[in-house]
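Undergrad: The structure under discussion is supplied below as structure tokens; questions concerning it will follow.
The values are calculated or read from the model by the stated rules, or taken from the named source; none is laboratory data. Computed from a predicted model, the values in this text were never measured in an experiment. As a convention, Cβ positions derive from the backbone with ideal geometry for all residues, glycine included, and neighbour counts pool all protein chains shown.
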Amino acid sequence: MHRGKGMKFVGDSRISAERKSNLPKDYSEYPGKTEAFWPDFLLKEWLVGAVFLIGFLCLTAAHPSPLERIADPTDTGYQPMPDWYFMFLYQLLKYTYTSGPYNILGTLVIPGLAFGALFLAPFIDRGPERRASKRPFATGFMLIAFAGIFYLTWEATAHHDWEAAKAQGAIPDKVDVEIDKEAEGYKVYADQSCINCHGENLEGLAAPTLIDTGLSADEIKKIAHEGIGSMPADQYNGSDEDLDKLADFIANLKSDE
């Protein structure tokens, strides 16, 4: 028997005998119908995203976020406004059927249905067509959502008193008052931990400023015992003599204006 005679070679049919190129297929034979994901389609997505990103950065540079005064828990009339992309939900909660006893509809049910439909859209509309006219479900849902968000956002901005909101949130000018930290009244102020809420210079932090209150010493002592607004009663736990010093100190704090 000659060497190699009678031997058989078995090949794996799962492995192609021809070496395939790693380059994407040439889709020039099917213009307008499909394209390679990399790099053609992905490059277009990146370009569109870059345009929107640059536009957004230019907008934030030209119109920086406004700053308002420090939060005042005693000011119950303050009405905070949400950012522009939540304005439509803010307006939705103003209507009778989505507020009060029906608040659950405006906060969970209606937004939940809307975003749930948006999540299910790719599973319901699975057609291969790209033209909007041939995808009625996706196109119709998009137009309804856009019209609803646009209308609610417009209503919220058109009926809001922007001048009053600007005045309400305006940062007051710094009061130029020289605080005598060696005064007996200030020492009582520091010992009673009033600094935590009213600030080291009585300028107001979590509580209002104590400068130019317009209150008399007796009124200040009454507030120290009975509280006011978010300030609970019996915050002061010192002697009556020290309270007199504290009340006189605060009552005589006047700005130079």
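Undergrad: Is at least one residue of segment 124-137 of a type in the set (Ser, Thr, Tyr), in the same structural domain as residue 86 (by TED's automatic domain parsing), surrounded by 12 or more Cβ atoms within 10 Å (Cβ to Cβ) and more than 30 Å from residue 251 (Cβ to Cβ)?
TA: No, that holds for no residue.
Undergrad: Which one is surrounded by the fewest Cβ atoms within 10 Å (Cβ to Cβ) among residues in segment 77-97 that are closer than 17 Å to residue 161 by Cα and among the hydrophobic types (A, V, I, L, M, F, W, C)?
TA: 84
Undergrad: Anything in segment 141-171 that is modelled with pLDDT of 90 or more and surrounded by 15 or more Cβ atoms within 10 Å (Cβ to Cβ)? List them, or say none.
TA: 149, 152, 153, 155, 156
Undergrad: Being surrounded by 12 or more Cβ atoms within 10 Å (Cβ to Cβ) and within 16 Å of residue 188 (Cα to Cα) is the filter here; which residues of segment 226-243 pass it?
TA: Selection gives 235, 236, 238, 242, 243.
Undergrad: Just to be sure before I move on: is residue 87 touching a Ser or Thr at 6+ places or on another chain (Cβ under 6 Å) and of a type outside the set (D, E, K, R) in the structure I sent?
TA: Yes: the conditions hold for residue 87.
Undergrad: Which condition breaks for residue 127 when tested against (1) over 30 Å from residue 199 (Cβ atoms); (2) within 20 Å of the chain's Cα centre (by Cα); (3) in a loop (DSSP other than H, G, I, E, B)?
TA: The single condition residue 127 does not satisfy is (2).
Undergrad: Which one of 33, 20, 5 is within 46 Å of the chain's Cα centre (by Cα), modelled with pLDDT under 80 and part of a loop (DSSP other than H, G, I, E, B)?
TA: Matching residue, one of 33, 20, 5: 33.
Undergrad: Does residue 87 count as part of a helix (DSSP H, G or I), under 25 Å from residue 66 (Cα atoms) and at pLDDT 80 or above?
TA: yes
Undergrad: Consider segment 202-252. How many of its residues are under 16 Å from residue 179 (Cβ atoms), assigned to a loop (DSSP other than H, G, I, E, B) and more than 38 Å from the chain's Cα centre (by Cα)?
TA: 1
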